[in-house]
Structures are given as structure tokens and as C-alpha cells.
Amino acid sequence: MSNLNIYRTGTVVGIVSAVFFLICVAWGVVLTNPVIEELHLNLIQMVYPGFTMSFVGAIIGIVEAFIYGWFFGVLFAWLCRKVCVFEGHGSSR
């Protein structure tokens, strides 16, 4: 765990977050019930300000999803390095 790269973890989590965002938007396009479709769109717009169902809105959402994912990935890796017990540092093995 001590060799956990903070920035690499952030980048991976950011990419995964952007891919999940794309899956979520694709799911919104597939929905056929207008009420559920509007609810889905409103939920996405609450999480990703500036998102609209357009090409520019999708780019804004992807960038925001990557930034949010990168931030949480870096935070997770940093906390893991600070809190987790590392091999050879106090473990009884």
C-alpha cells in the first residue's frame, strides 16, 4: 500500500467516473417514459451543473465527472497512505 501512486489512482478513478457518466447518459437516452426521463435528466443536472442533453453539455459532464473522480481518487489514495498499516511498519508478520 505504501507504493500507491496518488495521481495515478486519481486518474484511474477519474476515467472510471467519466465512463460511468457516459453509461448514465446513454441510459437516459434509452428511457421511454417521459416522466422517468425528466427525473433522470434532473438528477444528472443536480450532480453535474451545466449538463444538457447536447454535445457541449455531454463534454461538460464528462469533464466534471473526470474532475470529481480524480479528486476522490486522490483523496482516497492519500488517506490510504496516511491511515493504512503498511507491511513492515508495525505489522506482526
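Every number in this text was worked out from the coordinates using simple rules, so none of it is lab data. Note that the structure is predicted; figures quoted are calculated from it, not measured. As a convention, Cβ positions derive from the backbone with ideal geometry for all residues, glycine included, and neighbour counts pool all protein chains shown.
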- Message: Of everything in the range 15-38, what is exposed (fewer than 13 other Cβ atoms within 10 Å of the Cβ) and more than 18 Å from the chain's Cα centre (by Cα)? Give them in sequence order.
- Response: Val29, Val30, Thr32, Asn33, Pro34, Val35, Ile36, Glu38
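Matching residues to (1) in contact with a strand residue (DSSP E or B) (Cβ under 6 Å, 6 or more places away or on another chain); (2) in contact (Cβ under 8 Å) with a residue 40 or more places away in the chain; (3) among the aliphatic types (A, V, I, L, M):
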position	(1), (2), (3)
Met46	no, no, yes
Pro49	no, no, no
Ile62	no, yes, yes
Ala65	no, yes, yes
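Could you check, for the range 15-30, whether at least one of its residues is among the aliphatic types (A, V, I, L, M), within 30 Å of Arg81 (Cα to Cα) and touching a helix residue (DSSP H, G or I) at 6+ places or on another chain (Cβ under 6 Å)?
yes
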